[in-house]
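Following: one structure in structure tokens, then a few remarks.
The values are calculated or read from the model by the stated rules, or taken from the named source; none is laboratory data. These numbers were taken from a predicted model, which means no experiment stands behind them. For neighbour counting, all protein chains shown are included, and Cβ atoms are generated from backbone atoms with ideal geometry for every residue, glycine included. Ligands, DNA and RNA are excluded from the accessible area calculation, which covers all protein heavy atoms including side chains. Shrake-Rupley method; radii C 1.70, N 1.55, O 1.52, S 1.80 Å.
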Amino acid sequence: MLFHRQRNWLLAELRDFKPKVDLISEICILLLGPVGSGKSSFINSVKSVFQGRPTRQAIVGSDDTSITEQYRIYSVKDGKDGKYLPFMLCDSMGLHEEEGVGLCVDDIPHILKGCVPDRYEFSPHKSITPDHPMFIASPSLKDKIHCVAYVLDINSISSITSKEVAKFKEVQKEVLNCGTALVVLLTKIDKCSEILQDNFLNMNNSVTSQSQIIKVSKMLDIPIYNIFMVENYASELELDPLKDTLILFVLRQMLRIVDDILEDLPLKQVIWPLFHSCHKALVFFENP
């Protein structure tokens, strides 16, 4: 019963969530990571919790093959009354340690800035350019990515290569340059109940999670408080309140981190997009 109550509290909080910056109506969360790490599964899991049943809108690939070849932006619909919630989840092609395979790293700055549209077809060999017909030349603050969640299979941490770490550092540099929040999601944990214990708020204190989180923190230079563990839905036919609670908790923490960063944005980053929009409107009315 405890997890049922916690699940319901989290659902209520997320349903009432509003970004602190008025110019942003929806928080955009980008999932990045190696092929098969659980990016698409996390998107499906979040959507499942709010739908009240398992859903599989985002196509899930294997450990060897990236099924996701398009850039996809998924809204999250609340099954209770059908309204769309103020956050979106963005899926991308899997990252690979070798060049010319998987998501092209040169695409990442464009994605972060909001220049890449939904359903853009990725090419591992060539990134999108400003002369591409689908390129969004003047994205607004609401169009950009507000949080990057780097997704890793917790069972593969020990086998992460130096090339993979180097690629993550490239991603991290671009994320920091864009002033975007960065978190790490560790997926495919074995026993959700052991991580949650008696209080999901203390999940990082369990021996198992603490050792893995410290290892990832040192490897990727990510603060411990920005690393989370989650168990996605895979082949289940019914929802589990334990999994729901952990999924919702992780989502809430990401939104809180984004809100902190948005609140600290330089004033010019908030005012300029509004000025730019008003200027375009004035030009239209003066020269219809």
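Could you go through segment 6-14 and let me know if any residue there is under 15 Å from the mean Cα position of the chain (by Cα) and either modelled with pLDDT of 95 or more or among the small types (Gly, Ala, Ser) (or both). Spell out how you get there, then give the answer.
Here is the first cut: in segment 6-14, the ones under 15 Å from the mean Cα position of the chain (by Cα) are none.
There is no residue in segment 6-14 that is under 15 Å from the mean Cα position of the chain (by Cα) and either modelled with pLDDT of 95 or more or among the small types (Gly, Ala, Ser) (or both).
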Would you confirm whether or not segment 132-144 contains a residue that is in contact (Cβ under 8 Å) with a residue 60 or more places away in the chain, of a type in the set (Gly, Ala, Ser) and open to solvent by 10 Å² or more (accessible area, probe 1.4 Å)? yes
Take Lys47 and tell me if it is open to solvent by 20 Å² or more (accessible area, probe 1.4 Å) and in contact with a helix residue (DSSP H, G or I) (Cβ under 7 Å, 6 or more places away or on another chain). no
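Please specify each residue of segment 145-166 satisfying the condition of being surrounded by fewer than 21 Cβ atoms within 10 Å (Cβ to Cβ) and of a type outside the set (A, V, I, L, M).
Of the residues in segment 145-166, the ones surrounded by fewer than 21 Cβ atoms within 10 Å (Cβ to Cβ) are 153, 155-166.
Those that are surrounded by fewer than 21 Cβ atoms within 10 Å (Cβ to Cβ) and of a type outside the set (A, V, I, L, M): Asp153, Asn155, Ser156, Ser158, Ser159, Thr161, Ser162, Lys163, Glu164.
Mind checking which residues of segment 67-81 are of a type outside the set (D, E, K, R) and open to solvent by 30 Å² or more (accessible area, probe 1.4 Å)?
Of segment 67-81, the ones of a type outside the set (D, E, K, R) are 67-68, 70-71, 73-76, 79.
Result: Ile67, Gln70, Ile73, Ser75, Gly79.
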Does Lys113 count as among the basic types (Lys, Arg) and either touching a helix residue (DSSP H, G or I) at 6+ places or on another chain (Cβ under 9 Å) or surrounded by fewer than 13 Cβ atoms within 10 Å (Cβ to Cβ) (or both)? yes
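Name every residue in segment 52-78 that is modelled with pLDDT of 85 or more and out of contact with any strand residue (DSSP E or B) (no Cβ under 7 Å at 6 or more places or on another chain), in order of residue number. Can you show your working first?
Here is the first cut: in segment 52-78, the ones modelled with pLDDT of 85 or more are 52-55, 70-78.
Hits for segment 52-78 are Gly52, Arg53, Pro54, Thr55.
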Residue that is surrounded by the most Cβ atoms within 10 Å (Cβ to Cβ), among those in segment 1-15 that are within 16 Å of Val46 (Cα to Cα) and of a type in the set (D, E, K, R): Arg7
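If I ask for residues that are touching a residue at least 24 places away in the same chain (Cβ under 8 Å) and either assigned to a loop (DSSP other than H, G, I, E, B) or surrounded by fewer than 22 Cβ atoms within 10 Å (Cβ to Cβ) (or both), which ones from segment 21-43 would you list?
Across segment 21-43, the qualifying residues are Val21, Leu23, Ile24, Ser25, Glu26, Gly33, Val35, Gly36, Ser37, Gly38.
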Looking for whichever is without any contact (Cβ under 8 Å) to a residue 24 or more places away in the chain and in contact with a strand residue (DSSP E or B) (Cβ under 8 Å, 6 or more places away or on another chain) here; the options are Ile128, Ile111. Which one fits? Ile128
